[in-house]
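Please read the structure below before turning to the comments.
Values quoted throughout were computed directly from the atomic coordinates according to the rules given, and no laboratory measurement underlies them. Keep in mind it's a predicted model, so treat the numbers as computed, not measured.
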Amino acid sequence: MNTRTPLDSTPTDKATEGRKPSRKERAEETRARLVESAIALFSERGYHETTVQSISERAGVAKGTFFVHFVTKDALLLGVLAEYISSAERARDESLAHGANPEETISAIFAAHAEQFGRSSPFMRACYSATLASHDLAKATNELFELVRKMLVAEIARGQSTGKFRADISPVEAALAISSLYIGVSLSYSMMTNAPPLKTMFQPMLELAMKSFCPRATAH
């Protein structure tokens, strides 16, 4: 099972080959190992059953080293989830740079997030377990996902300005609707053992939702 994320590895620069890694490079490599170890353990044991000690041992570092990089286990999880949001932001920017329309850009945002978040259903299940058990973690996670909703609001408003989407819908309410749909689908995905990729599951539902945003055909 692939549980790696963009945080899990540090790109190798050919200019650094053959020389001793710098302190910054060593720190980045250690941080990446801690993240990779945490994701693997969250997937294997669950979030609450995984301790900082076990993460450190899996990463091959002292427990104190964990706290050099992360204040708490929750902070590590939020860092991973923040990177997933960053993936969605990069996809949005790339889509806009290529002149994509609002529907294409919204699809790109969700596809990028689902590509990362949906790599492991056990890890996703651990994420939901963690956030449902902690008010503070749930609040912080919701604040992160609010960045996705803001991107959606902007794209829905852009669609309205070009006549692609109906003018009588609220961009904020529409963004909340499709983001809630995504969360529901991802929660279902987290409970499955042989599910198709998350983005494959969600895309048809997203397309149906966005059809409802389009102007109604005028009867002749």
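Each helix, a run of at least 4 DSSP H residues, gives -39500 (n - 2.57); summed and divided by the residues of the chain, these come to -23500 deg cm²/dmol at 222 nm.
Its relative contact order, with pairs defined as Cα atoms under 8 Å and 6+ residues apart, puts the chain at 20 percent.
Each part gets one Cα centre, and for region 32-61 versus region 173-220 those centres are 32 Å apart.
Output needed for region 17-106: three equivalent-ellipsoid semi-axes, defined as square roots of 5 times the C-alpha gyration tensor eigenvalues, in descending order, whole Å.
Details: eigenvalues 198, 76, 20 Å².
In descending order the semi-axes read 31, 20, 10 Å.
Shown in residue order for region 39-48 are the 3J(HN,Hα) couplings computed by the Karplus curve 6.51 cos²θ - 1.76 cosθ + 1.60 at θ = phi - 60°: 4, 4, 6, 4, 5, 7, 10, x, 5, 6 Hz (x for Gly and Pro).
Give, to the nearest whole percent, the P(r) tail of region 16-65 beyond 15 angstrom, counting all Cα pairs. Counting every Cα pair in region 16-65, those more than 15 Å apart make up 48 percent. Rounded to the nearest whole Hz, the Karplus-based 3J(HN,Hα) values (6.51 cos²θ - 1.76 cosθ + 1.60, θ = phi - 60°) of region 148-155 follow the sequence 5, 4, 5, 5, 5, 4, 4, 6, with x at glycine and proline. According to the calculation over all Cα-Cα pairs in region 41-165, the P(r) per 5 Å bin from zero is 2, 10, 17, 18, 16, 13, 9, 7, 4, 2, 1, 0 %.
What's log10 of I(q)/I(0) for the chain at q = 0.14, 0.17 Å⁻¹, Debye sum over Cα points only, no solvent? One equal scatterer on each Cα of the chain leads to -0.91, -1.19.
Considering all C-alpha pairs of region 128-220, those separated by over 22 Å amount to 40%. Going by amide H atoms built from the backbone, whose H comes under 5 Å of the H on Cys214, apart from near neighbours? Result for Cys214 returns Arg166. In order along region 20-29, the phi-based Karplus estimate (6.51 cos²θ - 1.76 cosθ + 1.60, θ = phi - 60°) of 3J(HN,Hα) comes to 5, x, 6, 4, 5, 5, 5, 5, 5, 5 Hz; Gly and Pro are listed as x.
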